[in-house]
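Heads up, the thing below is written out as structure tokens.
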Amino acid sequence: MGYAPANYVEMLPAEPAAAAAAAPPGAYAVVQWDYTAQHGDELTVKAGDAVYVLSENNNGWWMAQLASDSSKKGLVPHNYLNKTAVRPSRACLGV
């Protein structure tokens, strides 16, 4: 934790309580590279997408759900994801 000049910080509106409550348990992650699903149980994602990590499998694939669309979930190679402690916003990602 530290200090930053005010002109380096952009205040984002707070998430509505309903949106925060609707988030599934698990970690957040940011997709590092585009991945196109090869099988029906996989999830197509694009670099910069925010996802929820629902489970981490030992075989290198993690079950993830798109933060922007809760109906889309599937397996993603774990090395395509960068876990984070807080939900990333599109504004912070610069996309």
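Annotation: the residues Asp69, Asp49, sorted from fewest to most other C-beta atoms within 10 Å of their own C-beta, follow the order Asp69, Asp49.
If each residue of separation counts as 0.36 nm, what is the full-extension length gain between Gln38 and Ala4 once their alpha-carbon separation is subtracted?
7.9 nm
By other beta-carbon atoms within 10 Å, ranking Trp33, Trp62 with the fewest at the front produces Trp33, Trp62.
Counted by neighbouring Cβ atoms within 10 Å, the residues Lys73, Lys83 run from fewest to most as Lys83, Lys73.
Taken together, the values in this text are just the output of simple stated rules run on the coordinates, not laboratory data. Everything numeric in this text was worked out from a predicted model, so none of it was measured. Note: ideal-geometry Cβ built from the backbone for every residue, glycine included; neighbour counts use all protein chains shown.
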